[in-house]
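The values are calculated or read from the model by the stated rules, or taken from the named source; none is laboratory data. Every value quoted in this text rests on a predicted model; they were computed, and no experiment measured them. Cβ atoms come from the backbone with ideal geometry, glycine included; neighbour counts cover every protein chain shown. Each accessible area value is taken on the protein alone, full model and side chains, heavy atoms only, with ligands, DNA and RNA left out. Shrake-Rupley method; radii C 1.70, N 1.55, O 1.52, S 1.80 Å.
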Amino acid sequence: MKFGLSSLRRVVVTAALLASGLAIVPAALAAQAVDTSPPSRPTNLMACPPPMPSAPPGSTSTMGYASICWTASTDDTGVTGYDIYRLEQSGFVKATTTTGTIGGFSGVYGRRYTMYVVARDAAGNTSPPSSLITVTASTGVVPTASPTPTPGDVTPPSQPANFQEPCLADYPGVSFCWQPSTDNVGVTAYDVYRETATSWLLVGTVLPNRTPLHFYQSGLVTGTRYTYVVVARDAAGNLSSPSAPLSALAREGLPRPTPTPTPTPTGISCHATYSATVWYNGLTATITIRNTGTVPIDGWSVIIEYGSSGPRLMQGWAATWSQSGSQISATSMPWNRVIPPGGSIQIGYTASYTGTPPVPVRISVNGVPCTMG
């Protein structure tokens, strides 16, 4: 077959265009595949009117709607949706997903709900979490035919405040203290949340029987600041508004002396008291060790032994903590290493578990089992 000059030119141009078009498709796909840039953090959160009609006048419905809106996030390829997370007793859970910049969920009318928002793009990248916002559920959901009034205590504790950081100078990590919240019945616990790259994470629970109230966290990058909030809760499950965010510095702590050999168990006599507050798949344990002997215990190692299936240690305080199998161990710190005769120390930890909440079968000090009760 023969081609004229003009025909040959058309063939060459057509082939070049086809080659160029085929090259564009893989390049576009490759650009999309390597998208690792998350959207920007959602900002300017505020309470917005419920998107549903208000309940009829005189309605006795106990249902309401907690609704917020915010300024849209930006992204190099485009935001595809927003996830709203709601604070519950077990931590933050995803409440709803929306493609717009307004959203919310049903709740008890008049109750305050805390939430935050993250943005997502088509590649699955998630933005940093927004700041926390607390809004009141107002009328906006059609009432049920026979509403049941909310029983009992519905008053939340006051917002935790008056933070001090650091709280313990020699602690290698983050430490801070705060003043107790007030409640019409009584605060039962304080939950501590730390901001991560994509969420607000529950990192510990503090019982209200400490004076002052304090939280410690190790295993962090020394010299880095971490952002925390604290939420108080009562026995009825009411949650306070989160505290104002606290920026806490992870410190290296004071130099520690060279550990001395563990003293021989001869002459040690002790009594151990164990108590725990449990929630869904988690617990906060407090152990009190009392020296019932006649000589000081100078340097101690406490071992809490569970059955074949023990909890998984998350973090502890007032000791250096570790875990091996079903045994959780605590070693004294410089400021509480000596337990005088008749004296006691109190330590504790948070842990996760599955099934039935576990209970220790033995607690020992320097290898000597303590009486328990």
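Values computed for the structure shown
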| read-out | value |
| --- | --- |
| Radius 14 Å from Cβ of THR80, net charge of other residues (Lys, Arg +1; Asp, Glu -1) | -4 |
| Hull volume in cubic angstrom per residue (convex hull over the Cα atoms of segment 298-373) | 96 |
| Within the accessible area of segment 296-373 (1.4 Å probe), percent carbon and sulfur | 53 |
| FRET efficiency estimate (nearest 0.05) - Cβ-Cβ, SER308 to HIS271, R0 30 angstrom | 0.70 |
| Å² per residue, accessible surface of segment 295-373 at 1.4 Å | 45 |
| Under-5 Å amide H pairs with THR188, H placed in peptide plane, nonlocal only | ARG233, ASP234, ALA235 |
| Net charge over other residues, Cβ less than 13 angstrom from the Cβ of ASN125 (K, R count +1; D, E count -1) | -3 |
| Estimated FRET transfer efficiency (THR196, VAL295; beta-carbon r; R0 41 Å; 0.05) | 0.30 |
